[in-house]
Amino acid sequence: MPLSEQEQRLLDEMERHLMRNDADVVSARGGGRSLSYRNIVLGTVLVLIGLGGLIAGVSVPLVIVGVIGFVVMLGGVILAVTPTRGGGATAAGAAPAREHKPKSSSSFMDRMNDRWDRRQGER
């Protein structure tokens, strides 16, 4: 069953609101988080160093060297695959940061319905 025109407009407005205000939705779409080339290279170097330590720990009867090598490898993998926030330095021409409005006590749907009613009253 297709949505009515009013329901479609309300759904579009809710989507715009989520895209503006919900960081989880924005990050899920790739906005603001990306893999850093520097972190990938550093993580790869740490994995190789950790692998060398792990092999040295197995060949020499010092278990602690192998454990430390494994921990370094794990840290390198985590560093390489963890996305970085793109919010550090803004590029020239980038939109300025929005100021956050204080949350009101009404629910999201109540605010959406109020906005819809105000817009319908303007016509």
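Applying the condition of being hydrophobic (A, V, I, L, M, F, W, C) and exposed (fewer than 14 other Cβ atoms within 10 Å of the Cβ) to segment 46-62 and asking which residue is nearest to A80 (Cα to Cα) yields L48.
Sub-6 Å Cβ pairs linking a first residue in segment 55-75 that is within 27 Å of V41 (Cβ to Cβ) to a second residue that is loosely packed, with under 14 Cβ neighbours inside 10 Å, at least 6 apart or interchain, are G66/V58, ordered by first then second residue.
Any read-out appearing in this document is the output of simple, stated calculations on the displayed coordinates, not a laboratory observation. Bear in mind that the values here come from a model prediction, so they are computed numbers and not experimental data. Quick reminder, even Gly has a Cβ in these numbers, built from the backbone with ideal geometry, and neighbours come from all protein chains shown.
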